[in-house]
Amino acid sequence: MRVTTEKIVFGGKALARIDGKTIFIPFALPDEELDITVTANKRDYSEAVIKKIITPSPHRIEPPCPYFGHCGGCNLQMADNDFQQVLRQAMVAELFDRAHITPERPPVFITGPAWEYRNRFQFHTDKNGTIGMHGVSSNTVIPVRDCPIAAPALRTVLQQGGLQKLFPHNKKMDKDRLHVFAQDAVVYSPVRPNASARVNGTVLNFNVFGFFQSNIAVLEKLIEPVSDLPRCTRILDFYAGVGTFSAFLTGKAAELHLVEHNERALITAKQNLDRIIAEKNSPCRCFFHTVSDADWPDIPAAQLTYDAIVIDPPRQGIHERVLIYLGQAKIPRIHYVSCNPATFVRDAKKLTALGYRFIEYHLFDFYPQTHHCELLGIFIR
């Protein structure tokens with residue numbers, strides 16, 4: 001069955017049509033003529049795989065990684081880097097277009113290294129003890145002996161077959177997700193879980209089992225616009241984690257209030273902020289609130305007046321109760337960091353309905369070789 005692809009949609013699959021019905025095809029690029037095999041028929045769309053590339057895109061290249069197409073980590077290595085950047089911007093722009101929401105200023109696109117950029121990984125294991133990456137659309141574990149997007153220190157471990165040594169075989173480690181973080185020549189894993197990262201010259205401690213950003217080079221570029229706030233009285237850092245953003249806000253406010261449901265992460269955030277404030281001899285005071293997003297509006301600290309909020313929710317976006325809270329609290333400035341542009345667009349529409357102006361968004365190329373990216377949206381009222 002022959003088709004010509006039209007575009008790539010958010011999620012990384014190419015879109016084509018047969019008799020008006022939409023077909024989604026992984027590992028295809030726009031304007032390619034393909035011979036495809038349909039693998040699933042749904043009511044409104046079908047899924048297919050490439051049987052043969054008849055007319056390739058001029059941007060198609062040979063994927064550098066031998067695991068590409070088997071490992072589920074990357075889905076755009078078949079495109080040259082410049083075109084990948086075009087595709088990621090176009091995918092996000094289409095989300096905004098479909099939602100009929102437009103920022104007041106043109107978006108800003110910020111890039112970083114295309115290879116050897118990823119500091120943080122989650123590997124997986126199966127019942128046979130094989131450690132590797134999940135396969136494409138599968139929980140099958142693919143053992144890997146190299147990864148060209150991995151930070152050099154971790155890439156060396158992979159090439160030397162040393163992955164097994166990072167995860168000792170015991171009950172605690174035999175979970176599905178095996179966490180590792182690498183920066184410079186240091187690799188942190190369950191055998192060395194108390195990790196630290198150097199971000200714009202500031203050391204941030206965290207536990208390797210918890211969350212931390214995966215691309216330090218681009219995180220450092222994100223920090224600047226996130227912390228671009230006028231001096232004020234009180235800033236709210238919501239979904240604060242280990243205090244990554246607050247670490248760069250101590251000179252901006254008299255008070256920082258960090259909200260995080262994970263108690264261990266917030267304890268680490270306090271340790272990080274106490275140390276940083278002492279090193280800077282800063283008069284900033286920090287307050288730490290271990291509370292879920294849904295319960296935040298019910299505690300006394302939510303009734304304080306905040307001049308700005310930095311909010312960095314998980315992939316599902318801002319909780320509905322927090323959106324209602326923002327509408328009622330009327331915090332003058334929102335810096336919304338999102339790892340999922342689809343839920344960001346949904347929330348942006350709600351924030352504008354609550355009276356916020358959507359000024360602009362910065363798109364950060366956190367994950368080259370994939371369709372993923374992150375963004376920072378600026379809202380004021």
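The values are calculated or read from the model by the stated rules, or taken from the named source; none is laboratory data. Bear in mind the structure is a predicted one, so any value in this text is a computation, not a measurement. We place every Cβ from the backbone using ideal geometry, glycine too, and count neighbours over all the protein chains shown. Just so you know, the surface numbers come from the protein's heavy atoms only, side chains and all, with ligands and any DNA or RNA stripped out. Shrake-Rupley method; radii C 1.70, N 1.55, O 1.52, S 1.80 Å.
Those residues that are more than 20 Å from the chain's Cα centre (by Cα) and outside any loop (DSSP other than H, G, I, E, B), I need them from the range 330-358; list them, please.
Within the range 330-358, R333, K349, K350, L351, T352, A353, R357, F358 meet the criteria.
Which residues, taken from the range 62-106, are touching a helix residue (DSSP H, G or I) at 6+ places or on another chain (Cβ under 9 Å) and assigned to a loop (DSSP other than H, G, I, E, B)?
L76, Q77, H100, I101, T102, P103
Taking the condition out of contact with any Asp or Glu (no Cβ under 9 Å at 6 or more places or on another chain), open to solvent by less than 60 Å² (accessible area, probe 1.4 Å) and not in a loop (DSSP other than H, G, I, E, B), does L204 pass?
Criteria met by L204.
Look through the range 46-60, keep the residues that are within 28 Å of the chain's Cα centre (by Cα) and either among the aliphatic types (A, V, I, L, M) or modelled with pLDDT under 95 (or both), and return whichever of them is farthest from G20 (Cα to Cα).
Top of the filtered list is V49.
Please list, ordered by first then second residue, the pairs with beta carbon atoms under 6 Å, 6 or more apart or interchain, first in the range 254-279 and closer than 16 Å to N194 by Cα and modelled with pLDDT of 95 or more, second in a strand (DSSP E or B) and acidic (D, E).
From residues that are closer than 16 Å to N194 by Cα and modelled with pLDDT of 95 or more, the pairs are L266/E260.
V310 - would you say it is in contact with a strand residue (DSSP E or B) (Cβ under 9 Å, 6 or more places away or on another chain), open to solvent by less than 10 Å² (accessible area, probe 1.4 Å), part of a helix (DSSP H, G or I) and at pLDDT 95 or above?
Considered against the rule, which asks whether it is in contact with a strand residue (DSSP E or B) (Cβ under 9 Å, 6 or more places away or on another chain), open to solvent by less than 10 Å² (accessible area, probe 1.4 Å), part of a helix (DSSP H, G or I) and at pLDDT 95 or above, V310 comes out as no.
Please go through the range 6-28 and pick out each residue that is open to solvent by 50 Å² or more (accessible area, probe 1.4 Å), out of contact with any Lys or Arg (no Cβ under 8 Å at 6 or more places or on another chain) and either more than 17 Å from T370 (Cβ to Cβ) or among the basic types (K, R) (or both).
Matches in the range 6-28: K7, K13, R17, D19, G20, K21.
Looking at the range 258-290, which of its residues are open to solvent by less than 70 Å² (accessible area, probe 1.4 Å) and over 23 Å from the mean Cα position of the chain (by Cα)?
Hits for the range 258-290 are L273, R275, I276, I277, S282, C284, C286, F287, F288, H289.
Mind checking which residues of the range 319-348 are within 25 Å of T250 (Cβ to Cβ) and open to solvent by less than 10 Å² (accessible area, probe 1.4 Å)?
If the condition is that a residue be within 25 Å of T250 (Cβ to Cβ) and open to solvent by less than 10 Å² (accessible area, probe 1.4 Å), then V322, L326, I331, I334, H335, Y336, V337, S338 are the ones that fit.
Quick check on my filter: what residues within the range 132-156 are open to solvent by less than 30 Å² (accessible area, probe 1.4 Å) and either over 23 Å from the mean Cα position of the chain (by Cα) or not hydrophobic (A, V, I, L, M, F, W, C) (or both)?
G132, G135, P148
Considering only the range 204-225, state which residues are farther than 16 Å from P113 by Cβ and without any contact (Cβ under 8 Å) to a residue 24 or more places away in the chain.
E224
Of the residues P113, P56, P66, which is surrounded by fewer than 17 Cβ atoms within 10 Å (Cβ to Cβ), in contact (Cβ under 8 Å) with a residue 12 or more places away in the chain and under 29 Å from V345 (Cβ atoms)?
P113
For the range 80-111, what are the residues that are under 19 Å from A217 (Cβ atoms), in contact with a His (Cβ under 9 Å, 6 or more places away or on another chain) and of a type outside the set (A, V, I, L, M, F, W, C)?
Correct list: D82, Q84, R88.
Kindly evaluate E47 against the criterion of being among the charged types (D, E, K, R) and in a loop (DSSP other than H, G, I, E, B).
no
Specify the residue that is nearest to V86 (Cα to Cα); the eligible residues are those in the range 29-46 that are among the charged types (D, E, K, R) and surrounded by fewer than 17 Cβ atoms within 10 Å (Cβ to Cβ).
Among them, the one singled out is D31.
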